[in-house]
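Take a look at the structure set out below.
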Amino acid sequence: MTKINSIYVIDDDAITLFGVKKILAKTIDCDSVSEFHNGQTALNALIHAMENGFEVPDLIFLDINMPIMDGWEFLEEFLRLPIDKKIIINILTSSIDPSDLRRWHYYKDRTDHLVIFKNKPIFSIDLCDILRTHMAS
């Protein structure tokens, strides 16, 4: 079983949060899976971790349609942070809007982090994407 230090799951939908965490539990060994209901609380937690010398996540699952701070706004702020470690960001969405795909291309081309686009519902997590966390760093 693959070992990951920390994962953030950022989604306002309780069913998606439950499902992703359940799939992760079967797929990888992780010390910490943190869930957030909007991008702002996740961003605050990430900044707090950085300021206090705590581990930043290896892997982020990010919904794009959430209240308070959506996934795109989170991603914009995230890319401004001085994070040296390469993080895999899985954008999760039920959106079929072509503009969301264009935005994904925009963000993935602006960063050294690996930004992946996945459609909901999530039935499995590709182990190859998880293994990239160790190759990306």
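Determine, from the Cβ-Cβ distance of S99 and T27 and an R0 of 41 Å, the FRET efficiency 1/(1 + (r/R0)^6), rounded to the nearest 0.05. If you can, show how the numbers build up before the last one.
Numbers: r = 31 Å, r/R0 = 0.76.
According to the calculation, E is roughly 0.85.
Give the long-range amide H neighbours of N38: residues separated by 5 or more places, or on another chain, with amide H under 5 Å away, using H modelled in the peptide plane at 1.01 Å from N.
D11
Let's test the formula: R0 of 22 Å, r as the Cβ-Cβ distance of N65 and I15. What FRET efficiency results, to the nearest 0.05?
Values: r = 14 Å, r/R0 = 0.65.
It comes out at approximately 0.95.
Can you give the extra length, in nm with one decimal, that the chain gains between N5 and S34 once fully stretched, where that is 0.36 nm per residue apart less the Cα-Cα distance?
Values: separation 29, 0.36 × 29 = 10.44 nm, distance 1.12 nm.
Taking N5 through S34 to full extension adds about 9.3 nm, to one decimal.
Long-range amide H contacts for L62: which residues qualify at under 5 Å (H placed 1.01 Å from N, peptide plane, sequence gap of 5 or more or a different chain)?
Close amide H contacts, sequence-distant or interchain: I10, N90, I91, L92.
When the Cα atoms of segment 1-119 are enclosed in a convex hull and the volume is divided per residue, what value in Å³ results?
Working: hull volume 11.7 nm³, N = 119.
Considering the Cα atoms of segment 1-119, their hull volume per residue is 98 Å³.
Short version: ³J(HN,Hα) in whole Hz for each residue of segment 95-101, in order, from phi by Karplus 6.51 cos²θ - 1.76 cosθ + 1.60 (θ = phi - 60°), x for Gly and Pro, what are they?
5, 10, 6, x, 5, 5, 5
Using a 1.4 Å probe and ignoring any ligands, DNA or RNA, find the accessible area of I83 and quote it in Å² to the nearest 10.
For I83, the solvent-accessible surface is approximately 20 Å².
Determine the dipole magnitude for segment 1-94: charges of +1 sit on the beta-carbon of Lys and Arg, -1 on that of Asp and Glu, nothing else is charged, the reference point is the Cα centre, and the result goes in debye to the nearest 20.
Working: 7 positive and 15 negative charges, 77 e Å.
It works out to roughly 380 debye.
Considering the options I68, S34, P57, tell which one lies farthest towards the positive end of the dipole of segment 24-103, charges being +1 on Lys and Arg and -1 on Asp and Glu at the Cβ, about the Cα centre.
So the residue furthest toward the plus end is P57.
With every protein chain kept in the model, how would you rank R102, R110 by accessible area, 1.4 Å probe, largest at the top? Intermediate values should be presented prior to the final figure.
Numbers: R102 150, R110 110 Å².
Reading off the accessible areas and sorting them downward yields R102, R110.
The values are calculated or read from the model by the stated rules, or taken from the named source; none is laboratory data. Quick caveat, the model's predicted, so the values are computed rather than measured. A quick note on method: Cβ atoms are made from the backbone with ideal geometry, for glycine too, and the neighbour counts reach across all protein chains shown. Remember, those area values only see protein heavy atoms, side chains included, never the ligands or the DNA or RNA. Shrake-Rupley method; radii C 1.70, N 1.55, O 1.52, S 1.80 Å.
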